Structures are given as C-alpha cells and as structure tokens.
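Report on the following structure.
The values are calculated or read from the model by the stated rules, or taken from the named source; none is laboratory data. Predicted model, so just to flag it, every value in this text is computed and none were measured. Neighbour counts run over all protein chains shown; Cβ positions are idealised from the backbone, glycine included.
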Amino acid sequence: MQKRLYNIILTLTGQIQIYLLMMISFTALFLSFGYSSEFIIETIAIATIIRLFFYLNRSTKPALGIQPIRKKIKRTIDDELKVATTLAAFCLFTEWAVLPKDLLFALALNFVVQLCGLLITNSILSFIKNKKLKQLSSQNILIIGTGENGKLAADAILDAPESKSALTGFMDFHRKGFWRYRDIPMIGHPDELAGIIANSQVDLIICALENEDLALSHTIFEVAHKMGTPISYIPSLSTVPPNISMKPCYINAMPMMLFRAVEDNLFKLFTKSVIDKIGAVVGIIAFSPIMLLTAIAIKIEDGGPILFRQIRSGINGKQFGLLKFRTMCVNAEAKKAELEKLNEMSGPVFKITNDPRVTKVGHLLRKTSMDELPQFFNVLLGTMSIVGPRPPLPKEVAQYEQWQHRRLSVKPGVTCTWQVNGRNNIDFNDWMKLDLEYIDNWSLWNDTKIIAKTIPAVMKGSGAS
C-alpha cells in the first residue's frame, strides 16, 4: 500500500503537479485583478504549450527525480525562470492584453507556489519512504554480531548515507581484543549492553547473530525490552534461495518469519480474486446459451451424464472436483489402461491425438475447448482462477519431480501460458517450465495478455485434441 501511495505521489509531483499549480496560481491572481475567464484560459494554454515544449526537449524534467533536495530546488528555479522568461517575451512581442505588473505578479506567485509545492511533496515522499523502510532519521545503531550477518547489516547502513544513521559499534559473544570492520570498532561483549545503553545514545540495536548463537539472543532482547531500546533481528539467510519473499507473521502472538516463493501482495491477489468472480459470472451468463445447447447435444448422443467431475489437485495439493462437459464414453476410465501404450505425452500426463473413447460431440467440444466452460463454476466457487496453471490429477502429482511441485503453489486456472502456446504440442517438462515462468513473472497485466491470447488460440484450435 505504501509503495503504491509513494508511486502515485511521485507521478503527481512530476509534470501533473507543475501544471495544476500553474493553473491555480494564474487563475487566482488574474481573477483577483479582474481579467476575463477567456483571457485566463488562453494565457494558461500558452504557458502550458511553452512548458510542454521545454519538457519535450528535456529541459524541464520532474524535479523530484533528482537527488538531493538542493538539486531539486535548483532544477525547479531553472525551469520556472525559463518558462517565465519565454512567456514574458511572448506577451511583449504579441502585445498580449495584460499589464506588465500583473504578469510579473502572476509569474512570481507561480514561482513561489511551485517551490512550496516541491518542498511539501518532497517532505511527504520522504515520510512515506522512511516509514516504509522503518527508518528513524539521525539514529545511532549498535550491531550485535561480527559474523557475516553483522557485516551485511553494517554494509546496509554504511552504503545508505541518506538514512542519516551512524554505527556506534559492534558487540560479539566470542570475539575478543581489537577488531574493526570498515573502520567501525567492536566495543565490547553483549553482557555489557545495559551499560552501553545507559552511558551513550543507542537508538536501535540490530541483532545479527549467526545460527549457532541464536540461543544467546534471549538476553539481548531482555535487556533491550527492560531499557526501552528498539531492537531488530536479522535472521541468517545464507541457506534461503534467491527470489524468496519474506515478511513477519504471528501465530497465536508468537512472532515468526514467513518465506514464500510466490507473489504475496495482498492487494494484487484480492484484485485477481475479484476479477475472477466477476469474470466467472460474466462467462456463465455469456456462454449460457452455448452450454445449454451443448448439454442437449451430449444427452441426445448417448443419454449419459452431461458433466464429468474429476478429482484434481489445486493450490498446495488441495483436491477438488473439476467440472467439464463429458467428451468421452461413459466407461472411459475403465478403457484407459488399454490405451496407456499409445500415450503421446512425456511425463505422467496421458494424451493421445485420436482417442477412441471420445464421442462425436466430444471431438467438437475439445477442438473448440467448449468442454472447459463449466469450469467457470469452479472459478466462482474459488477452487480455480481464470488464469493459472492447469490443475493436474493427483496421480500425476505423485510422479512430479521436486521442482515441478512449485506449480501447485498458486491457484490453478482455466487458461495459462501452456494453453496459448500449443498445448498438446508441448513437451511435459517444457509445459512445467512455462507454468513456473508464469508464476515467477505473475502480474495482472500478464493475466490480461494471456486471456487476450486465449481467444484466438481457442478459435484456431491450437494444440487441441
């Protein structure tokens, strides 16, 4: 949420804020001087064109994109002087119906408003950023631990001078004598922590112990709690693979760290869930005539069940009943053993091009993927998503290699990358890799593109059998 707010404000503090403040300044002043609304609109339009000209020529850039604050202010001053000079010259040579003193007041007011807008917005952005990073300005930090975790913590602080933090020193349970890292000294044993806090300014303690010393951290937290000093903990992450998200969590008030290999943005996941529900309702309503005709055709052909419900593995292996229009003869599962030798797919998946168990109506349904339409009800029930890896059979999952299990870490979908890239023409391992690539690069925009590609793929019958 903070990142989205930060990006929204950053966008507004670029050209959008500049134009809005200019419009407010000119409108307020020229109205007070008695100028007509037509004159004000024309003047603002001319000033906007001038400012846009400089922007497109990369002269006036959003000042908040430059660090530090003194450079932002300098950039704003330069931009406003260029725009003011050009506008004044235009009014002079075209004999614009404005008094010189009125124009001067308007330009001066705009200059002051732009500068104040820059400073206020910069303060808001800094507040949000510091809150996000959970940083306190100008804090003195003490690190407990001189191993790899301690050095990483020191590097993070020393390599970010904009945080205005200073390292008081290190403390360690084992190291003795003189020791320094990047010119920051070890100042004692953690048993002396209470004395250090009492006799010097310590705004934050970072507990950066190695795994073998974790049992000793209890006394550090106890001292910090008694003396009211904030303390943060850095777990040893040397064994954690890259691209793993980490966040604190609680179980019955017990603090823990949660590691996840998939997207964990609650807002994005909530948005995806809402889109799924709306999409499912729209899909059911839009395709209801087709589903009704399909049901009648299946019933007329052999009088058997209309729907085929099959147990599949969903998110984290949770089993659910997948709904499809029945495309095979009633005793299809009993005949499968006789056809195993004709399987055309590698891995645990079973597919053959001209499956003799498929009915005449079933051939049409499979070719057009209309047999999948009842899965909109699965989406509505929450067991599936519109976009996601296709749900496998439990017996297929039992034969997965370790790396293939990660495709079960998200909710299965009606369509996915595999669906729009040839389906049965793709090797099993490549299919798994496509699913993992989707998981690693998941976004709402990517889902939208997959849905858009699914429509022509279905119409062409790409890879369907």
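State whether one or more residues within the range 410-421 are touching a residue at least 60 places away in the same chain (Cβ under 8 Å), more than 30 Å from residue 301 (Cβ to Cβ), of a type outside the set (Val, Ile, Thr) and in contact with a strand residue (DSSP E or B) (Cβ under 9 Å, 6 or more places away or on another chain). So far as the range 410-421 goes, yes, one or more of its residues are touching a residue at least 60 places away in the same chain (Cβ under 8 Å), more than 30 Å from residue 301 (Cβ to Cβ), of a type outside the set (Val, Ile, Thr) and in contact with a strand residue (DSSP E or B) (Cβ under 9 Å, 6 or more places away or on another chain).
Collect the residues in the range 78-107 that are of a type outside the set (D, E, K, R), assigned to a helix (DSSP H, G or I) and surrounded by 14 or more Cβ atoms within 10 Å (Cβ to Cβ), keeping them in residue-number order. Within the range 78-107, 83, 84, 86, 87, 88, 90, 91, 103, 105, 106, 107 meet the criteria. All of 290, 234, 284 fail the test of being at pLDDT below 85 and of a type in the set (A, V, I, L, M, F, W, C), apart from 234.
Would you check if residue 169 is under 38 Å from the mean Cα position of the chain (by Cα) and at pLDDT 90 or above? When the stated conditions are applied, residue 169 passes them.
Entry remark, the range 273-307: residues being farther than 21 Å from residue 360 by Cα and among the polar types (S, T, N, Q) number 2 in total. Given the structure, is residue 212 outside any loop (DSSP other than H, G, I, E, B), of a type in the set (Asp, Glu) and over 20 Å from residue 257 (Cα atoms)? Judged against the criteria, residue 212 is not a match.
Scanning the range 183-200 for residues that are surrounded by 11 or more Cβ atoms within 10 Å (Cβ to Cβ) and not in a helix (DSSP H, G or I) gives 184, 185, 186, 187, 188, 189, 200.
Results for (1) under 15 Å from residue 262 (Cβ atoms); (2) assigned by TED's automatic domain parsing to the domain that holds residue 274; (3) surrounded by 23 or more Cβ atoms within 10 Å (Cβ to Cβ), shown as yes or no for each residue.
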site	(1), (2), (3)
385	yes, yes, yes
390	no, yes, no
403	yes, yes, no
413	yes, yes, yes
431	no, yes, yes
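Scan the range 318-336 and give yes if some residue there is surrounded by fewer than 14 Cβ atoms within 10 Å (Cβ to Cβ) and at positive phi, otherwise no. There is no residue in the range 318-336 that is surrounded by fewer than 14 Cβ atoms within 10 Å (Cβ to Cβ) and at positive phi.
Taken as a whole, the structure leaves residue 456 outside the set of residues that are modelled with pLDDT of 90 or more and in the same structural domain as residue 379 (by TED's automatic domain parsing). Can you tell me which condition residue 58 does not meet? The list is (1) at positive phi; (2) modelled with pLDDT of 75 or more, and all the others hold. Looking at each condition in turn, residue 58 falls short on (2). Do you know which of the residues in the range 364-414 that are within 16 Å of residue 320 (Cα to Cα) and of a type in the set (Phe, Trp, Tyr) is farthest from the chain's Cα centre (by Cα)? Among those residues, the one meeting the criterion is 377.
Would you say residue 378 is under 22 Å from residue 272 (Cβ atoms), modelled with pLDDT of 85 or more and polar (S, T, N, Q)? Here the answer is yes, as residue 378 does meet what is asked.
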